[in-house]
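Below is one structure, written out as structure tokens, with a few remarks after it.
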Amino acid sequence: PNPIFLHGKQTVKKFNRTAPDEVQILLALYRIKTKSVDLVFTANLPVATEAGDGMSVDQLKDAENAFITAAHSLHIENFGLFV
């Protein structure tokens with residue numbers, strides 16, 4: 001099935017830090033109607049962290065492109081997995 005793409009941003013405090021990290025969330029949703037199943041493919045990309053080691057704009061763009069390529073290349077070989 002063709003994926004439905006969703007994206008968003010989340011701020012979350014991690015590792016007992018005082019300042020929240022900003023994370024970009026990429027999600028591909030596959031509706032498999034014949035099995036009444038939704039399959040989710042996701043990636044979390046660090047945009048800004050308290051430690052200052054978030055991804056650059058170019059790195060984010062490369063990661064988004066790789067995510068989209070991977071999501072479009074997903075192929076279900078065995079629908080029997082969804083029993």
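The set of residues in the stretch 51-83 being open to solvent by less than 80 Å² (accessible area, probe 1.4 Å) and charged (D, E, K, R) consists of E64 alone. Only a single criterion out of (1) closer than 19 Å to F67 by Cβ; (2) modelled with pLDDT under 95; (3) part of a strand (DSSP E or B) is not satisfied by N2, namely (3). Out of the residues in the stretch 26-50 that are touching a residue at least 24 places away in the same chain (Cβ under 8 Å) and of a type in the set (G, A, S), state the one that is most open to solvent (accessible area, probe 1.4 Å). Top of the filtered list is A48.
Residues in the stretch 6-15: is at least one more than 15 Å from the chain's Cα centre (by Cα), open to solvent by less than 60 Å² (accessible area, probe 1.4 Å) and at pLDDT below 90? Scanning the stretch 6-15, I find at least one residue that is more than 15 Å from the chain's Cα centre (by Cα), open to solvent by less than 60 Å² (accessible area, probe 1.4 Å) and at pLDDT below 90, so the answer is yes. In the stretch 11-24, the residues that are in a loop (DSSP other than H, G, I, E, B) reach residues that are among the polar types (S, T, N, Q) with C-beta atoms within less than 7 angstrom, at least six apart or across chains, in these pairs: P20/T11.
The values are calculated or read from the model by the stated rules, or taken from the named source; none is laboratory data. Please read all numbers here as calculations on a predicted model, not as lab measurements. Every residue, glycine as well, gets a Cβ built from its backbone with ideal geometry; the counts of neighbours run over all protein chains shown. Heavy atoms of the whole protein, side chains included, go into the accessibility calculation; ligands, DNA and RNA do not. Shrake-Rupley method; radii C 1.70, N 1.55, O 1.52, S 1.80 Å.
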